[in-house]
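Written below as structure tokens is the structure these notes are about.
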Amino acid sequence: MDTKYKHITEEKLDLPSQFPPLPSMGGYVLFAGIVRDINEGRQVTHLEYEAYSEMANQMIATIIKDAFQNWDLEFADCIHRLGKLGLGDVAVIVNTGAVHRDEAYKANRYIIDRVKHEVPIWKKEYYVDGSSEWSKGCAHDHQH
Amino acid sequence: MKIQLLSFAALKEFFPSKQDLSLEGINTVSDLKSYLLGLKPDAEKLIKISRISVNQTIAKDSDLITEGAIVALLPPSSGG
């Protein structure tokens, strides 16, 4: 089990039910990455995520630290789930809070983009026809 | 030189997820990539776009691999 890691878990992810208790926080942004039913036109039944957990956990911690250096944040966190996930399951959560909304939005986008492109986490997609394939991921820098 | 080599995701179709290797004449990340390409030519495309970490730090091709290092082959990330 990878539950010893702060940013990587095999447990089901639940959305936070309350905000962090920070009196100066005027804006809070929650991003959830959700398992969807289609990839490149093919019907997906479920996914599996794996990671180089020690490294992924450390890299996400560094990305969050960088976000705190780039913006005046009150709060930032990110957690990614591993293992078998069904349609509609939450794969990743990024939540950020700041005095004003602008910084919370920008920092949130920054964190999820870096997590997707840099952190050693991989997705295997399983299709209705019984086949499966590792997602090709992103080998190049671009926006999407 | 002995190292431990970890492979992830699609690279596990070519290499074991964890293996101990005894290497001769391999000093850098680049040397190791060439060695692995020699073992599995079919993995060339994937190895070329993968990153390599040495002791959990992303390494450049010119970085040295040292005795006892834990080296990991990291295909392009697809988390999120």
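Compute the distance from the alpha-carbon center of the stretch B:7-80 to that of the stretch A:70-144, in whole Å. Answer, in whole Å: 25.
Measuring max minus min along each principal axis, the C-alpha atoms of the stretch B:2-74 give extents of 27, 22, 20 Å (largest first). Atom-type composition of the exposed protein surface of the stretch B:1-47 places 48 percent of the accessible area on carbon and sulfur (1.4 angstrom probe). Evaluating kT/(6 pi eta Rh) at 25 °C and 0.890 mPa s, with the Kirkwood radius of the protein assembly as shown over Cα pairs in the Stokes-Einstein relation, gives 131 µm² s⁻¹. For the stretch A:1-60, the set of trypsin sites (Lys or Arg not before Pro) satisfying both a DSSP loop assignment and a count of at most 15 other C-beta atoms within 10 Å is given as A:Lys4, A:Lys6, A:Lys12, A:Arg36. Solvent exposure of the stretch B:2-74, expressed per residue, is 54 Å² of accessible area, with all protein chains present and a 1.4 angstrom probe.
The calculated FRET efficiency for the pair A:Lys136 and B:Asp63, based on their C-beta separation and a Förster distance of 25 Å, comes to about 0.45. The stretch A:25-55: which GluC sites (Glu not before Pro) are DSSP loop and have at most 15 other beta-carbon atoms within 10 angstrom? Passing both the DSSP loop test and the Cβ count: A:Glu40. Interface of B with A. Using a 1.4 Å probe and counting protein heavy atoms only, the two chains hide about 1800 Å² of accessible surface, both sides summed. Of the GluC sites (Glu not before Pro) found in chain B, the ones in coil according to DSSP and having at most 13 other Cβ atoms within 10 Å of their Cβ are B:Glu24, B:Glu67.
The values are calculated or read from the model by the stated rules, or taken from the named source; none is laboratory data. All of these numbers come straight from a predicted model, not from anything done at the bench. Every residue, glycine among them, receives a Cβ derived from its backbone with ideal geometry; neighbour counts consider all protein chains shown. Accessible surface is based on the protein model in full, side chains and every heavy atom, while ligands, DNA and RNA are left aside. Shrake-Rupley method; radii C 1.70, N 1.55, O 1.52, S 1.80 Å.
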